[in-house]
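So the structure is just underneath, and the comments pick up after that.
The values are calculated or read from the model by the stated rules, or taken from the named source; none is laboratory data. Because the structure is a prediction, the values reported are computed rather than measured. When we count neighbours, we look across all protein chains shown, and the Cβ atoms used for this are built from the backbone with ideal geometry, even at glycine. Just so you know, the surface numbers come from the protein's heavy atoms only, side chains and all, with ligands and any DNA or RNA stripped out. Shrake-Rupley method; radii C 1.70, N 1.55, O 1.52, S 1.80 Å.
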Amino acid sequence: MRIWVNGGLRDADDARLSVLDHGLTVGDGIFETVRTSEGRPFALTRHLDRLTRSARGLGLPDPDHDEVRRAVAAVVDANPVALGRLRITYTGGLSPLGSDRGTDGPSLVVALDGVSRRPDSTAVITVPWTRNERGALTGLKTTSYAENVVALARAREKGASEALFPNTADRLCEGTGSNVFVVLDGRIHTPPVASGCLAGITRALTVEWTGAEETDLPMDVLAEADEVFLTSTLRDVQAVHRIDDRELKPEIGPVTAKAMRIFAERAGDDLDP
Ligand code: PLP
């Protein structure tokens, strides 16, 4: 695999980043995951804008979008895959072992691997741990993802592919790497960003294209929703057929099927919507 590290392409095995990089020692870094189809990145402008918002939230210098685009083009070119997961990581840079940021400036790493299409429907669990809707990192896509790793491992143990979090007020928030939508009486709802969820790019497009409403929802809406679906860069719109022990029938409800169709059509039209 050829990856981009600080100004050029390298073989992944030879690429170097300091072991004292703040991203590694304290998780002070940000990232974006971008889907590529036949080498073309989807919604790259929105991802770059969110990268900049995350950088500002963490107090990192603004990433240079031209440089990131150059890196993306080089990596995509060097790693031909049909469906790709492109990962842009921007770390805090070299630092002493303490918590203060170093002066060397951030590092930019761009890598790409091939992935397979996600199934059209999936099982999820709920977890008792909470998202903090008022944290310093709320809404930022930082590399401090270990809590998601733990929750996802719990989901996998239970035969599910995603774990849904409440926020500290026990309102529905989001998954480890996805946003959540519920269908009630034929209308689509998703928690507002104020719930503490990430402002997902797939979420924003789905709201725009389906007219879904942003609604503050109790966690137990999951027990009564007619349909539930997830959105994310790699899932697109994905139906949920099981939540904990509750089976949802049909496996893909009619409103979800329509949202999937709309998303596939619109997203196919425009690679940078
Ligand atoms: N929520 C979290 C915590 C995420 O990490 C992600 C994506 O990685 C999402 C939601 C979905 O966002 P997007 O649609 O931009 O991929």
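Treating the chain as a set of equal point scatterers at the Cα positions, no solvent, please give the Debye-formula log₁₀ I(q)/I(0) at q = 0.07, 0.10 Å⁻¹.
The computed values of log10 I(q)/I(0) come out as -0.26, -0.53.
Would you work out what percent of the accessible area of the range 25-148, with all protein chains in place, is carbon or sulfur (probe 1.4 Å)? Could you put the intermediate results ahead of the total?
On the way: 2820 of 5750 Å².
Carbon with sulfur: 49 percent of the solvent-accessible area.
For the range 226-273, with equal point scatterers placed on the C-alpha atoms only and solvent neglected, what are the log10 I(q)/I(0) values from the Debye formula at q = 0.15, 0.17, 0.24, 0.29 1/Å, to two decimals?
Summing over Cα pairs of the range 226-273 leads to -0.42, -0.52, -0.85, -1.08.
Kindly state, as a whole number, the per residue volume in cubic angstrom of the convex hull around the alpha carbon atoms of the range 129-273.
Working: hull volume 15.6 nm³, N = 145.
Taking the convex hull of the Cα positions in the range 129-273, it is 108 Å³ per residue.
What ³J(HN,Hα) values, in whole Hz, does the Karplus curve 6.51 cos²θ - 1.76 cosθ + 1.60 give for the range 6-15 when θ = phi - 60°, with x put for Gly and Pro?
Here the 3J(HN,Hα) series is 6, x, x, 7, 9, 5, 4, 5, 9, 5 Hz.
Which listed residue (Gly159, Ala257, Ile201) has the Cα farthest towards the positive end of the charge dipole for the range 133-273, taking +1 on Lys and Arg C-beta and -1 on Asp and Glu C-beta about the Cα centre?
Sorting the options by dipole projection puts first Gly159.
Which shape class, rounded, prolate or oblate, goes with the range 1-63 when its Cα gyration tensor gives a ≥ b ≥ c as root eigenvalues, a/c under 1.5 marks rounded, and past that a/b bigger than b/c marks prolate? Before the final figure, lay out the partial values.
Numbers: a/c = 2.38, a/b = 1.05, b/c = 2.27.
Taking the square roots of the gyration eigenvalues as a ≥ b ≥ c, the range 1-63 is oblate.
Which whole-Hz ³J(HN,Hα) couplings does the range 43-56 yield from phi under the Karplus relation 6.51 cos²θ - 1.76 cosθ + 1.60, θ = phi - 60°, glycine and proline marked x?
6, 4, 4, 4, 5, 5, 5, 5, 4, 5, 4, 5, 4, 5
Using the Karplus equation 6.51 cos²θ - 1.76 cosθ + 1.60 (θ = phi - 60°), what ³J(HN,Hα) coupling, rounded to whole Hz, does each residue of the range 115-126 give in order, writing x for Gly and Pro?
Listing the rounded values in order: 10, 9, 4, 6, x, 5, 9, 8, 9, 10, 10, 9 Hz.
Would you mind getting the accessible area per residue of the chain, heavy atoms of the protein chains only, 1.4 Å probe, in Å²? If you can, show how the numbers build up before the last one.
Details: 12710 Å² over 273 residues.
Result: 47 Å² of accessible area for each residue.
Average the reciprocal distances over every distinct pair of alpha-carbons in the range 1-140, invert the result, and give the Kirkwood radius in Å. Working shown, then result.
Working: mean 1/r = 0.0611 Å⁻¹.
Computed over the range 1-140, the radius equals 16.4 Å.
Ranked from highest to lowest mean number of other Cβ atoms within 10 Å per residue, what is the order of the peptides 126-132, 250-256? Don't jump to the answer; show the numbers that get you there.
On the way: 126-132: 15.4, 250-256: 17.9.
Those peptides, ordered most packed to least, come out 250-256, 126-132.
Taking the convex hull of the Cα atoms, report for the range 69-195 its projected area averaged over all directions, in nm². Spell out each step's value before the answer.
Numbers: hull surface 45.4 nm².
Projected area, direction-averaged: 11.3 nm².
Over all directions, the average projected area of the alpha-carbon convex hull for the range 36-101 comes to how many nm²? All intermediate terms of the calculation are to be shown ahead of the outcome.
Details: hull surface 20.7 nm².
Taking the Cα atoms of the range 36-101, their convex hull projects to 5.2 nm² on average.
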